[in-house]
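So the structure is just underneath, and the comments pick up after that.
Since every read-out is calculated from the coordinates, none of them should be taken as a lab result. All of these numbers come straight from a predicted model, not from anything done at the bench. Every residue, glycine among them, receives a Cβ derived from its backbone with ideal geometry; neighbour counts consider all protein chains shown.
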Amino acid sequence: MNAAPATPSRDNAPGRVWLITGASSGFGRSIAAAALAAGDTVVATARRPEALDDLVSAHPDRAVAVRLDVTDTARIADVVADAVLWYGRIDVVVNNAGMGLVGAVEETSDRELRDLMDLHFFGPAALVRAVLPHMRRNGSGAVVQMSSMGGRFTFPGVGGYSATKFALEGLSEALAAEVAPHGIKVLIVEPGSFRTGFAGGALRQSAPLDAYADSVGPVRAGLPDSDGKQEGDPDRAAAAILTALAADDTPLRLPLGDDATDAVLGALDAARTEVLAWEKVSRSTGFDD
Ligand code: NDP
């Protein structure tokens, strides 16, 4: 059992009840703050819940910080059970916790790949499994999956990172169709470069090989260089997410930022052009009978 909120308000929690992972910084913190500003109730989970003391003390009746490492999948069900015990329901779950990893495919170790899959895929999948019974019972809810523009296309140096986000997007696309009849929305968010902790101290780099200095070297240097200078504002991202969730026609995927929007449009055009260029060969593989 987690430490109960100061004033739990079972069955009459104000607004919607959110459960957010990785809420100690960046997007997670901005989304928590935006939900609280909108009058909602927030279960903000983090590896360091004390980083949320200011938000919780400003809204003791509507905010609680809970310790959760999302790779500890055994604990996820307990956290969800506590949230439902305290507030009666979970309306919005945000799978946000994550980190960057730079390395060519050959440079990236099995351990690094598995650790990132735990963080970006198996943890989020476990959280979705834990909340869905409650959302289905209520006949409503929303699942927000923080992916990346790197969840739609990729480039040298981010194959491992993209693999985890592609996996999350594949799971989420099927999930969206499965839970829509139960009144539950799925929103996959695809940010470009945003000014969070992502490119700073939290960024992981695989051990480099000289063979990839030309292709991956610029990404190794460029990402940390961008820290603190990225164009994207996480508070505006949070506002965009709330806008998309409030819409009747919430999109399945929402790129965020000029960079993500341009790059996703470019990737879609390139994918269509390639399918059309090879269409004859693609259609040549059936039996004649
Ligand atoms: P931040 O580094 O600011 O925030 C990441 C958050 O994830 C932190 O709160 C961190 O906690 C938490 N976290 C990391 N590992 C775990 C774990 N095992 N269990 C629980 N929490 C964990 O970066 P962002 O806000 O940018 O990252 C949020 C999401 O956005 C990620 O999924 C990332 O992939 C995605 N994203 C970010 C982009 C960007 O440019 N910023 C672009 C595209 C996608 P702690 O403080 O304990 O380290």
Among R220, R272, which comes first, second and so on when ranked by fewest other beta-carbon atoms within 10 Å?
-> R272, R220
Note: A239 to N138 extended length (0.36 nm per residue) minus current alpha-carbon separation gives 33.8 nm
So, with points 7 Å from each Cα along the Cβ direction, the K280-D214 label distance in nm works out to 3.4
Of the candidates A83, P124, G28, the farthest towards the positive dipole end of the chain (Lys/Arg Cβ +1, Asp/Glu Cβ -1, centred on the Cα centre) is A83
Would you mind getting me the FRET efficiency between E173 and R114? Use the beta-carbon distance for r and R0 = 22 Å, nearest 0.05.
-> 0.45
In degrees rounded to 10, the 0-90 angle between helix 73-87 Cα long axis and the longest Cα principal axis of the chain is 40
Set of lysines near K185 by C-alpha distance (under 26 Å), chain-local residues within fewer than 8 positions excluded = K165
Tell me the label-point distance for the pair T273, A202, using the 7 Å Cα-to-Cβ offset, in nm and rounded to one decimal.
-> 3.5
Which of rounded, prolate, oblate describes segment 17-282, given a ≥ b ≥ c as roots of the alpha-carbon gyration tensor eigenvalues and a/c under 1.5 marking rounded, otherwise prolate only if a/b is larger than b/c?
-> prolate
Net dipole in debye of segment 17-282 [+1 Lys, Arg Cβ; -1 Asp, Glu Cβ; about Cα centre; nearest 20] | 660
